[in-house]
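Accompanying notes for the structure given below.
The values are calculated or read from the model by the stated rules, or taken from the named source; none is laboratory data. Computed from a predicted model, the values in this text were never measured in an experiment. Note that we place each Cβ from the backbone using ideal geometry, even for glycine, and neighbour counts take in every protein chain shown.
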Amino acid sequence: MIKIGLTGGIATGKSTVSNYLQEKYAIPVLDADIIARDAVKVNSPIYDDIIDRYGKEIIVDNGELNREKLGNIIFNNNQEKIWLESKIHPFVRNTFEKQIKLLSNSIIVLAIPLLFEANMTDLVDRIWVVTCDFNTQIDRLKSRNNLTQIQAIDRINSQMPLAEKIKKADIVIDNNKNLSQLYNQIDAIISTQDY
């Protein structure tokens, strides 16, 4: 089994790439973001820790976490970001390890936005980094998450620089242009790799 670690910066297009791999090539994708959402579901131990730390004003009417409020806390305070990640990352790793054991496919994708930051590179065999230029990243993030320019830049800057991730990549996917150009790149990668 070849385990591809798919990563990149926030709003560079990782989900678009993983969705295409899943839909066109039927490659299973294990997604760290989905697992992280499970980690903080209502009444889970991590959810309870978050409420204990930040109070009930961090939840919305249905009891779920107010992601916007939580995001504003952790993207503006590195100590709080480290605290939250120390809770979520072990849960994500443990879940990945269990899920990998259940699969028998020759290729799987682990979509992990914080692959390097969370020290999960040991879980994968190859690293694919999805990249785009800084202004494109800001524009996508602003429109996707309804953020201001400053909020978007803060979120981008809270992650390891894309240039650092690119240095550690086996494959770099440039997502500056249109979808067909992106898909053509992925097709070319799949056709030339020894998968």
Hits in region 86-102 (condition: closer than 26 Å to Ala11 by Cβ, surrounded by fewer than 19 Cβ atoms within 10 Å (Cβ to Cβ) and in contact (Cβ under 8 Å) with a residue 60 or more places away in the chain): Thr95, Gln99
Conditions (1) surrounded by fewer than 18 Cβ atoms within 10 Å (Cβ to Cβ); (2) modelled with pLDDT of 95 or more; number of the one not met by Lys69: (2)
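Restricting attention to region 170-178, does a residue exist that is in a helix (DSSP H, G or I) and within 23 Å of Asn19 (Cβ to Cβ)?
Here is the first cut: in region 170-178, the ones in a helix (DSSP H, G or I) are none.
The answer is no, given that none of the residues of region 170-178 is in a helix (DSSP H, G or I) and within 23 Å of Asn19 (Cβ to Cβ).
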Residue check, Asn178 more than 17 Å from the chain's Cα centre (by Cα), closer than 20 Å to Asn76 by Cα and of a type in the set (S, T, N, Q): no
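Could you check, for region 119-132, whether at least one of its residues is acidic (Asp, Glu) and modelled with pLDDT under 95?
Keep residues of region 119-132 that are acidic (Asp, Glu), which gives 122, 125.
When the remaining residues are screened for being modelled with pLDDT under 95, the result is none.
There is no residue in region 119-132 that is acidic (Asp, Glu) and modelled with pLDDT under 95.
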Filtered residues of region 140-155 (kept if in a helix (DSSP H, G or I) and of a type outside the set (Gly, Ala, Ser)): Arg140, Leu141, Lys142, Arg144, Asn145, Gln149, Ile150, Gln151, Ile153, Asp154, Arg155
Qualifying position, being of a type in the set (Asp, Glu) and over 23 Å from Ile156 (Cβ atoms), among Glu80, Glu68, Glu57: Glu57
Among (1) among the basic types (Lys, Arg); (2) over 26 Å from Ile108 (Cβ atoms); (3) free of Cβ contacts under 8 Å to residues at least 24 places away in the same chain - the single one Arg155 does not satisfy: (3)
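Among the strands (runs of 3 or more DSSP E) lying completely within region 20-139, list those that include at least 1 residues that are in contact with a Pro (Cβ under 8 Å, 6 or more places away or on another chain). Working first, answer last.
Numbers: elements: 29-31, 107-111, 126-131.
Answer list for region 20-139: 107-111.
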Any hit, region 132-155, residues being within 28 Å of Asn76 (Cα to Cα), among the aliphatic types (A, V, I, L, M) and exposed (fewer than 13 other Cβ atoms within 10 Å of the Cβ): yes
Top-ranked residue of region 4-25 - restricted to ones that are β-branched (Val, Ile, Thr) and either more than 14 Å from Ile166 (Cβ to Cβ) or more than 12 Å from the chain's Cα centre (by Cα) (or both), ranked as modelled with the lowest pLDDT: Ile10
Failed criterion for Ala118 (all others in (1) under 29 Å from Pro45 (Cα atoms); (2) out of contact with any His (no Cβ under 8 Å at 6 or more places or on another chain) hold): (2)
Test: residue in region 103-117 that is over 20 Å from Asn175 (Cβ atoms) and crowded, with 18+ Cβ neighbours inside 10 Å: yes
Subset of region 156-169 that is hydrophobic (A, V, I, L, M, F, W, C) and assigned to a helix (DSSP H, G or I) - its residue that is surrounded by the most Cβ atoms within 10 Å (Cβ to Cβ): Leu162
